[in-house]
Amino acid sequence: MDYSRYYLGVLLQLAVIASFLIGGPWVWVGIASLPVFGIIDSLLPNDFAIRRMANKALADIPAWLCSLLGPVVYVAAAVWVARNPAATGWEYAAVIASCAWLSVIPLVPATHELYHQRGKLRRFVGRYAQICYLDCTREIAHVVGHHIHVATTQDGDTAPRGTSLYAFTPKAVVHSTLEAWSSESDNLQAMGKGRWSIGHRLYKAILIQIVFQTGIHLIGGWTANAVVLGGMVGARFWVESFNYFQHYGLIRLPGGQIDRRHVWNHLKPLSRTLGFEITNHADHHTNSYAAFHELKPDTKWIPMPSVFVCFFSALIPPVWHNMVIKPALKRWDNELASPEERALAREQNRRAGWPDWFEEQAGQGAAAAA
């Protein structure tokens, strides 16, 4: 069961590919899976089980399949365009939304798994399958930026307290893009080359996008290009939104040790399975080379709901802030933060206009003593 559960993402991708080839109302299958999985995941109990998967090669198969099937979903979308010249606007919307959603789950965690591991072919596939969300340089900022600066003000993936999803996402897209390009230029310069010399990864990313879009055009013309790019642009912003839930408001001193407490975990069964354990990622930030099935759930965690619930609640900022994240951060500040982190947290709370729950706790203690 531990091996087979991770094929759920593969089955979802195959179902969406089939839905595009069949056409008609079936094109809603992909985006309809989002609320369905969200409801199911929220109703299931948390999953604290440690995976028993001794064969790494066998465990990796679904991650490889999900990464390779990502671009195939877009090819199927182009075929749908070519076969359905009289499709309605709603059907186009369904195809674009389904492409965007499938580029987030399961593609992002699958490519994330591949490019975090050792091996040239593994990293090559993980890197360029990210064509589906217009970011074949993403892992540069992720590995040399996010993993170093997580939970600090230098980390573009950690939203400061009081920030809405709508304010965070565009800034995160710009930050991660510029950080990746700058880091690549720094690396080239360190090797004695020009900062924007021909070996820059950005040029390779542009080239593969041109080649892919040319193939899409040959299948379905400019309309297919518009549909595919619509899905990719939507996915690019959607991808960044998931960092919002996994790091929101957490505090770490710059240069300080990264501990399991410096990330949020979402341990519902579908969150873990469809995300290749990306939501079970406390261990991932202390050992980024650990394979997804080697990550152990943090049993000392502050409970967070399903990642699906976090997404839908964040669409309504007062719901996210008041019902989900403030209660969690209040516990984190008072139970897990160091004194230095509490000072920074208190200042962020003040700037966000949030309650000073440190004073509240002190007042409760004084009242109990009296």
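The values are calculated or read from the model by the stated rules, or taken from the named source; none is laboratory data. Worth saying up front: this structure is predicted, and the values here are computed from it rather than measured. Please note: Cβ atoms are built from the backbone with ideal geometry, for glycine as well, and neighbour counts cover all protein chains shown. Note: areas computed on protein heavy atoms with side chains; ligands, DNA, RNA excluded. Shrake-Rupley method; radii C 1.70, N 1.55, O 1.52, S 1.80 Å.
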Residue pairs, Cβ under 7 Å, 6 or more apart or interchain, first in the stretch 32-52 and of a type in the set (A, V, I, L, M), second open to solvent by 70 Å² or more (accessible area, probe 1.4 Å). List them. 50/296
Residues to consider are 89, 70, 38, 9; find the one that is more than 17 Å from residue 275 (Cβ to Cβ) and of a type in the set (Gly, Ala, Ser). 89
What about residue 82, is it at pLDDT 95 or above and either within 16 Å of residue 6 (Cα to Cα) or open to solvent by less than 10 Å² (accessible area, probe 1.4 Å) (or both)? no
Given the structure, is residue 176 open to solvent by 20 Å² or more (accessible area, probe 1.4 Å), out of contact with any strand residue (DSSP E or B) (no Cβ under 6 Å at 6 or more places or on another chain) and not aliphatic (A, V, I, L, M)? no
Out of the stretch 41-62, which residues are surrounded by 15 or more Cβ atoms within 10 Å (Cβ to Cβ) and assigned to a helix (DSSP H, G or I)? 41, 42, 59, 60, 62
Considering only residues of the stretch 220-254 that are in a loop (DSSP other than H, G, I, E, B) and open to solvent by less than 20 Å² (accessible area, probe 1.4 Å), which is nearest to residue 166 (Cα to Cα)? 248
Out of (1) at pLDDT 95 or above; (2) hydrophobic (A, V, I, L, M, F, W, C); (3) open to solvent by less than 40 Å² (accessible area, probe 1.4 Å); (4) under 30 Å from residue 6 (Cα atoms), the one residue 354 does not meet is (4)
Please pick out the residue among 306, 313 that is in contact (Cβ under 8 Å) with a residue 40 or more places away in the chain and of a type in the set (Gly, Ala, Ser). 306
With respect to the numbered conditions (1) under 22 Å from residue 71 (Cβ atoms); (2) buried (at least 20 other Cβ atoms within 10 Å of the Cβ); (3) touching an Asp or Glu at 6+ places or on another chain (Cβ under 9 Å); (4) at pLDDT below 95, which one is the sole condition not fulfilled by residue 135? (3)
Kindly indicate whether residue 68 is open to solvent by 10 Å² or more (accessible area, probe 1.4 Å), hydrophobic (A, V, I, L, M, F, W, C), out of contact with any helix residue (DSSP H, G or I) (no Cβ under 6 Å at 6 or more places or on another chain) and touching a residue at least 60 places away in the same chain (Cβ under 8 Å). yes
Given (1) modelled with pLDDT of 95 or more; (2) in contact with a helix residue (DSSP H, G or I) (Cβ under 9 Å, 6 or more places away or on another chain); (3) open to solvent by 50 Å² or more (accessible area, probe 1.4 Å), where does residue 37 come up short, assuming only one miss? (3)
Which ones in the stretch 85-112 are in a helix (DSSP H, G or I) and open to solvent by 10 Å² or more (accessible area, probe 1.4 Å)? 89, 90, 91, 92, 93, 96, 97, 108, 112
